[in-house]
Amino acid sequence: MAVVYSRAAHSVARPSPIAVSSAKPSSITCPQFSGLRCVEFGSRTESGFDALSQQLQSEGRGHRGVVSMAGTGRFFVGGNWKCNGTVESLKKLVDELNSAKLEEDVDIVVSPPYLYISQVLGSLTKRIEVAAQNCWTGKGGAFTGEISADQLVDGGVKWVIQGHSERRHVIGETDAMIGQKSAYALSKNLGVIACVGEKLEDREANRTTDVVFEQLQAYADAVSDWSNIVVAYEPVWAIGTGKVASPQQAQEVHAAIRQWLKEKISPEVSSKTRIIYGGSVNGANSAELATQEDIDGFLVGGAALKGLEFATICNAVTAKKAVAA
Ligand code: PGA
């Protein structure tokens, strides 16, 4: 059954560790956890994460004061409604979205549960596209409980979320399965919102980029064309917890992902691919996050269930434009 639909010509080995000097640059502080405990790195100054920070800083990137746009893609905001809603509550949410004032320079998608996709497609403004939250690894058939990418396309869906942490860590999807699903969805012309993100214990063990790079590699092993992929960095410890990553924490990993794309895929893919942040994004914190140079938008859970707040998050593109100007 395991068919990989388009294997990448650029199957690459895991990134080799970045060489570092033993001296920790004074401008680099240890990661701070918003609302979580801060890890004392002590002697672990040669960690991959510090090394990466150091490399990015030497390239004039990473968490620094100057803000601009590193990516060249349009701002992108997705609303992941997860397993929430009823016919009535989603009608109200769609009404709110239809009447919200939305800035032009932002791509917006919302992701209802499968059951309500038709209802939403039939009532939501065409300004906003619809994503599914998952799909099967290949063509349909005797796969009880699954939905194929072909069926999503047939129903008018344009996007699918893959590799969300709840599917990885609650349902048990593997990197390989997520890569296969993504490749098949792309082959049917669906856009893929490809999620990656570390658990708290990974971050505390200073394995953030190891985990994120492994997950990225699994996508890279399965797909050859990144033009319809949006990468969503969603630290698991920030999802649904109210503990948003600080703008610096998010920026640091986004810059690392962009660097990985540059080295492992191509400079063009690195600059064109939208890298969006997810994890407790809300109307109050989205503008500051948006000003970070490698944050190209958001994937929003809880706050996407409130139409006006979601519109505020979409309109954080104005903060981005203000600093990029
Ligand atoms: P949250 O969820 O915004 O509720 O943290 C984000 C997500 O799971 O995509």
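The values are calculated or read from the model by the stated rules, or taken from the named source; none is laboratory data. These figures come from a predicted structure and were not determined experimentally. Neighbour counts run over all protein chains shown; Cβ positions are idealised from the backbone, glycine included.
Of all the listed residues (E309, E293), the sole one being crowded, with 18+ Cβ neighbours inside 10 Å and either within 16 Å of the ligand (Cβ to nearest atom) or part of a helix (DSSP H, G or I) (or both) is E309.
In region 150-168, the residue that is nearest to the chain's Cα centre (by Cα) out of those that are within 16 Å of the ligand (Cβ to nearest atom) and part of a helix (DSSP H, G or I) is S165. Going by the conditions given, is A304 touching a residue at least 60 places away in the same chain (Cβ under 8 Å) and assigned to a helix (DSSP H, G or I)? Against the criterion (touching a residue at least 60 places away in the same chain (Cβ under 8 Å) and assigned to a helix (DSSP H, G or I)), A304 qualifies. The listed residues are V269, V317, and the only one of them that is more than 16 Å from the ligand (Cβ to nearest atom) and in contact with an Asp or Glu (Cβ under 6 Å, 6 or more places away or on another chain) turns out to be V317. Condition test on L200, is it modelled with pLDDT of 95 or more, within 19 Å of G279 (Cα to Cα), surrounded by fewer than 22 Cβ atoms within 10 Å (Cβ to Cβ) and among the hydrophobic types (A, V, I, L, M, F, W, C)? Here the answer is yes, as L200 does meet what is asked.
Scanning region 171-197 for residues that are at pLDDT 95 or above and within 14 Å of the ligand (Cβ to nearest atom) gives I193, A194, C195, V196, G197. Among residues of region 75-91 that are without any contact (Cβ under 8 Å) to a residue 40 or more places away in the chain and assigned to a helix (DSSP H, G or I), those with a Cβ under 8 angstrom from a residue that is within 13 Å of the ligand (Cβ to nearest atom) and among the hydrophobic types (A, V, I, L, M, F, W, C), sequence gap 6+ or separate chain, pair up as L90/W81.
Just for region 274-290: of the residues that are assigned to a helix (DSSP H, G or I) and without any contact (Cβ under 8 Å) to a residue 60 or more places away in the chain, which one is surrounded by the fewest Cβ atoms within 10 Å (Cβ to Cβ)? Per the stated criteria, the residue is E288.
Among the residues of region 238-249, the ones that are buried (at least 24 other Cβ atoms within 10 Å of the Cβ), outside any loop (DSSP other than H, G, I, E, B) and more than 10 Å from the ligand (Cβ to nearest atom) come to 0 in all. For E252, the stated conditions do not hold, so it cannot be described as under 20 Å from F75 (Cα atoms), within 16 Å of the ligand (Cβ to nearest atom) and among the charged types (D, E, K, R). Is there a residue in region 200-208 that is within 13 Å of the chain's Cα centre (by Cα) and within 16 Å of the ligand (Cβ to nearest atom)? No: zero hits. Could you please find all residues in region 74-95 being of a type in the set (V, I, T), more than 23 Å from S165 (Cβ to Cβ) and surrounded by 19 or more Cβ atoms within 10 Å (Cβ to Cβ)? Listed by number, the list holds a single entry, V94.
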